[in-house]
Amino acid sequence: MQVVQVDGLIDADEQSYRRMIKGMDAFEKYHGLAPDARLRYRLYPRLPGVKVAGTSLTIQGDTLKLPVALASDLSFTLPRDAQAWDENAQVMSNRKSRSFAWGPDVRSPGLPANARRLGDLRLECEIDRAATLLVGYKPPLYHVIDAAVDVCTAFPGAWLYYADRAVFNVTLVHGKRRQDVFSSLLYGNELKLFHIFYDFYPLLIDRTYTLRIADTSWPDDTLVEIEYMEDADVASASAIQAVLTP
C-alpha cells in the first residue's frame, strides 16, 4: 500500500507567500512615507481563546519547508526565496483557519510606547493593498475600484488598524494641533459600511480604530497617540482617590 505523508494541519491558518512578498515590494516602493521604518508582519489572535503559546510558522511549498522565526509579539519577517515563489508556497501556521488576523507592522524608531507615526500607518495601508491580508475578501467590484483609486491616498480614504491592547482613545498630534479621533471611528463602528472589503471577522472590537489617512492636512510625521483602556482605568482610580483623600 502506498503511504502518503501529509505535513501540517488540515485547514491551517495560512497566507499566500507570493502576496506577502508583493507587500514587501510595496514597502520598498512607498518607503518614503517612513524612511527609517522597518517592516514586519504580525499575527493578531481573533478571539481570546486562540492558543498563542506554541504557535509556529512555516513556508510550505510542494517540496520546500522553511521555518519562520516568530517573536513574542507574534511578529515575523519573511526571506525572499526563489523556490518558495516558484512553488507558490503558503506561509502556514500550526493553528486552525481564521485563528489570526494577519497584517503588516511598520515601525519607525524612537517613538513613544503609546504612539504610532501616521506615515508608518499610511505605508501599512499600501502594503496591505498589495498583500491583501486585512483586506482579505475581494469582491469583483473591489478590484475595479482598487485599480482606479488608491484608497490610501484618495480623500476621504480611511483604513482599519489594530492597537496592541484595548483602546480608550486615539488622538492625532502634530505640533500644537491636537484632534481626538471621533468615537464613530473606534471599535469598528463604521466598518459595517465596508465589511465586504475586510477580512476582520471575528473583529478585535476593543483594539480596532480607523483613521482617515488620506487627509493630507495631517503630515506623515503626525503622531497617533493611543490611550489604552487600562491606562484610563488607572487615571480614573487616581482621580477618585484624590477626591476621597482629605
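The values are calculated or read from the model by the stated rules, or taken from the named source; none is laboratory data. Keep in mind the model is a prediction, meaning the values are calculated, not measured. Quick reminder, even Gly has a Cβ in these numbers, built from the backbone with ideal geometry, and neighbours come from all protein chains shown. Accessible surface areas use protein heavy atoms only, side chains included; no ligands, DNA or RNA. Shrake-Rupley method; radii C 1.70, N 1.55, O 1.52, S 1.80 Å.
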Buried (at least 19 other Cβ atoms within 10 Å of the Cβ) and in contact with a Pro (Cβ under 7 Å, 6 or more places away or on another chain): is that true of Leu39 in this structure? yes
Return yes or no: is Val91 within 22 Å of Thr132 (Cβ to Cβ), under 15 Å from the mean Cα position of the chain (by Cα) and β-branched (Val, Ile, Thr)? no
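Yes/no per residue for (1) modelled with pLDDT under 65; (2) closer than 26 Å to Ala131 by Cα; (3) open to solvent by 30 Å² or more (accessible area, probe 1.4 Å); (4) of a type in the set (A, V, I, L, M):
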residue: Leu193; (1), (2), (3), (4): yes, yes, yes, yes
residue: Ser217; (1), (2), (3), (4): no, no, yes, no
residue: Leu223; (1), (2), (3), (4): no, yes, yes, yes
residue: Asp231; (1), (2), (3), (4): no, no, yes, no
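For Ala89, state whether it is more than 21 Å from Thr208 (Cα to Cα), modelled with pLDDT under 95 and not acidic (Asp, Glu).
So Ala89 fails the test.
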Among the residues in the stretch 93-100, are any at pLDDT below 95 and either among the aliphatic types (A, V, I, L, M) or in a helix (DSSP H, G or I) (or both)? no
Has the stretch 160-168 got any residue that is modelled with pLDDT of 90 or more, open to solvent by 40 Å² or more (accessible area, probe 1.4 Å) and not β-branched (Val, Ile, Thr)? yes
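Quick one: is Glu28 open to solvent by 50 Å² or more (accessible area, probe 1.4 Å) and either modelled with pLDDT of 95 or more or in a helix (DSSP H, G or I) (or both)?
Yes, satisfied.
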